[in-house]
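**Student:** Sharing a structure with you now.
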Amino acid sequence: MSSARSRSIHPDAVDVIIDQWKRELPELASENMALIGRLRRCSILLAPRLDEVFAAYDLSNGAFDVLATLRRAGAPYILTPTELFASLMVTSGTMTTRLQNVQKRGWVERIPNPDDARSMLVKLTGAGRELVEKVVFEHVENERRILEKLPAETRRQLDAGLAELMRVLEDAKKG
């Protein structure tokens, strides 16, 4: 059964919205609205399912991102705040708040930058490393469970299509 046919039998929330627009403004080109709507809806539906793993460790998604970014950097698990900021794609204010939160918990420490006395580096502590190494395996298993009902080919197509969309959006942001 084609996905269009399947959706006509079992419409999703986005189909309902698109049908309403087609009824009210038939001349409105709604194909892109449907795609963007589904992307946004998937993001909304994914967030709480991903957060379940983090919540079990009293972690937020943002705190996990900071710890995981430092761990992925490799030994000695040190980055500048600017490197963290660039990797996490958040505002500087959000980055500051995240760093303060994980530092209060003892998962990172700020150390003097030997190359620039005016700045500090962010270092993953032993406790932070131990935590992220435990959580990341559960996180990846959770992602597997979330996606397991999708056929492998669908996952590959989504990955390729979303990677292309991300490139287009990032290129547009660069100007």
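The values are calculated or read from the model by the stated rules, or taken from the named source; none is laboratory data. These numbers come from a predicted model, not from an experiment. Using ideal geometry, Cβ is built from the backbone for each residue, glycine included, and neighbour counts are taken over all protein chains shown.
**Student:** Based on this model, can you work out whether residue 127 counts as part of a helix (DSSP H, G or I), farther than 24 Å from residue 52 by Cα and not polar (S, T, N, Q)?
**Tutor:** The answer is no for residue 127.
**Student:** Further, regarding this structure: Taking the stretch 48-72 as the search range and keeping residues that are surrounded by fewer than 17 Cβ atoms within 10 Å (Cβ to Cβ) and hydrophobic (A, V, I, L, M, F, W, C), which one is farthest from residue 132 (Cα to Cα)?
**Tutor:** Taking the candidates together, the pick is 50.
**Student:** Among 138, 133, 109, which is touching a residue at least 12 places away in the same chain (Cβ under 8 Å), surrounded by 11 or more Cβ atoms within 10 Å (Cβ to Cβ) and outside any helix (DSSP H, G or I)?
**Tutor:** When all the criteria are applied, what remains is 109.
**Student:** In addition: Which of the residues belonging to the stretch 73-98 are buried (at least 19 other Cβ atoms within 10 Å of the Cβ) and not aromatic (Phe, Trp, Tyr)?
**Tutor:** Of everything in the stretch 73-98, those that are buried (at least 19 other Cβ atoms within 10 Å of the Cβ) and not aromatic (Phe, Trp, Tyr) turn out to be 79, 84, 95, 98.
**Student:** Given the criteria modelled with pLDDT of 90 or more and within 26 Å of the chain's Cα centre (by Cα), does residue 23 qualify?
**Tutor:** Judged against the criteria, residue 23 is not a match.
One line per residue, one yes/no per condition, for (1) in the same structural domain as residue 36 (by TED's automatic domain parsing); (2) basic (Lys, Arg); (3) over 27 Å from residue 74 (Cβ atoms):
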position: 130; (1), (2), (3): no, no, no
position: 133; (1), (2), (3): no, no, no
position: 139; (1), (2), (3): no, no, no
position: 143; (1), (2), (3): no, no, no
position: 155; (1), (2), (3): no, yes, yes
position: 161; (1), (2), (3): no, no, yes
position: 170; (1), (2), (3): no, no, no
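**Student:** Of these, 118, 144, which one is among the basic types (Lys, Arg), out of contact with any Cys (no Cβ under 7 Å at 6 or more places or on another chain) and modelled with pLDDT of 95 or more?
**Tutor:** Result of the check over 118, 144: 144.
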